[in-house]
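Participant: Before anything else, here's the structure in question.
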Amino acid sequence: MTSHRKHRLTALGALLVAVGLAIVSFMPSVPGYEFPQLAAIGAVLCAAILVLLALVPSQPITTVDEEPIPWGGIWPLLLILFGFLLVMGWLGFFTTSFLAFFLITQIYTPQRFSWHGAIRGAAIAALFLGVLYLIFVTVLRVQVPSGILV
């Protein structure tokens, strides 16, 4: 399979996923879904641009131009996101997001683990989640999953 064909298939797959998410986000007739609907429309627009760029003839793509996917660095993030999805309904969105963000900062930091770094990571995660709370809950009034902790 040629490189151009792979890129076109990837772009079309991204467009199909984005359109599917857009359809699902517009299905519930419950108020408070405006933000996911806007995000889905943005994803469809980005995927459509990706398809257009994949269809436009350009310079030939060689294997030198493509970088291998660093799966060793991606697997921990995929496991954290899968765990996030498993426990979010039970713990709540903000508690689970704090744990996920903290784990991501601890795993992907270039320094070795230390208590000082862990406390700094927890403070950054708490600040980040505080800003998210202010933006999404108080300003945009987005409904987030609640759990036993928050």
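Bear in mind that the values in this text are calculations on the coordinates, not laboratory data. All values derive from a computational prediction rather than experimental measurement. Neighbour counts run over all protein chains shown; Cβ positions are idealised from the backbone, glycine included.
Participant: Going by a ≥ b ≥ c, the root eigenvalues of the Cα gyration tensor, does the chain fall in the rounded group (a/c under 1.5), the prolate group (a/b larger than b/c) or the oblate group?
Facilitator: Judged from the Cα gyration tensor, the chain comes out oblate (a/c at least 1.5, b/c at or above a/b).
Participant: Quick check: pseudo-label points 7 Å beyond the Cα along Cα→Cβ at residue 116 and residue 79, how many nm apart are they?
Facilitator: Roughly 2.8 nm, to one decimal.
Participant: Please state, to two decimals, what the Cα-based radius of gyration of segment 70-150 comes to when divided by 2.2 N^0.38 Å (N = residues). Don't jump to the answer; show the numbers that get you there.
Facilitator: Working: Rg = 13.7 Å, N = 81, 2.2 N^0.38 = 11.7 Å.
In units of the 2.2 N^0.38 Å rule of thumb, it is 1.18.
Participant: For segment 73-150, what relative contact order do you get, as a whole percent, if you take Cα pairs closer than 8 Å and at least 6 residues apart?
Facilitator: Values: 56 pairs, mean separation 36.9, N = 78.
47 percent.
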